[in-house]
1. Using a cut-off of 15 Å between beta-carbons, work out the net charge of the residues near SER26 (Lys and Arg +1, Asp and Glu -1, SER26 not included).
2. Give me the percent of the accessible area of the range 2-107 that comes from carbon and sulfur atoms, probe 1.4 Å, all protein chains in place.
3. For a 25 Å ceiling on Cα separation, which of these pairs sit above it: LYS28/LYS78; LYS44/LYS78; LYS77/LYS102?
4. Taking the solvent-accessible surface of protein heavy atoms with a 1.4 Å probe, what is the per residue accessible area of the chain in Å²?
5. Would you be so kind as to identify which of ILE82, LEU41, ILE14 lies farthest towards the positive end of the dipole of the chain, taking Lys and Arg as +1 and Asp and Glu as -1 on Cβ and the Cα centre as origin?
6. Which order do you get for ILE79, ILE46 if you rank them by accessible area with a 1.4 Å probe, largest at the top?
7. With bins 10 Å wide starting at 0, give me the P(r) of the chain over every alpha carbon pair, in whole percents.
8. How do the peptides 53-60, 94-101, 17-24 rank, highest first, by the average count of neighbouring beta carbon atoms within 10 Å per residue?
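The values are calculated or read from the model by the stated rules, or taken from the named source; none is laboratory data. All of these numbers come straight from a predicted model, not from anything done at the bench. We place every Cβ from the backbone using ideal geometry, glycine too, and count neighbours over all the protein chains shown. Heavy atoms of the whole protein, side chains included, go into the accessibility calculation; ligands, DNA and RNA do not. Shrake-Rupley method; radii C 1.70, N 1.55, O 1.52, S 1.80 Å.
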Amino acid sequence: MKNDLEVGNRIRGIREELHMSRNMFSEKVNISESYLAQLELGNKSIGMNTLIAICDYTGCSADYLLFGEHGHNDTSKKIIRIVNHLPDSSLDLCYEILRSIKAHSDN
């Protein structure tokens, strides 16, 4: 189905943007690697639980995955994706950098 292929292409694009293998990505969203491959190839339709898991993990919207429509603040979602992949040891540094940027922009 054409829509399934489009959804699959967007999922693959997000995964590749994160520089993740199918194996790594499928583990993070709790699906099998073969199911992920079938989604990316457009051979399977995405289920609700998988849609929610991918959106939660990547920070992308369901509107984008299903319809290709970007949200109003796509940059903040990209930042969230990066932060979600940082090791715990880097989160404090990331927080301090973002806090400093906010303080600077408030002045």
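1. The answer is 0.
2. 54 percent
3. Distance filter (> 25 Å) returns LYS44/LYS78.
4. Ligands and nucleic acids excluded, the figure is 66 Å² per residue.
5. The residue sitting farthest along the positive end of the dipole is LEU41.
6. ILE79, ILE46
7. 14, 43, 27, 12, 4, 0
8. 53-60, 17-24, 94-101
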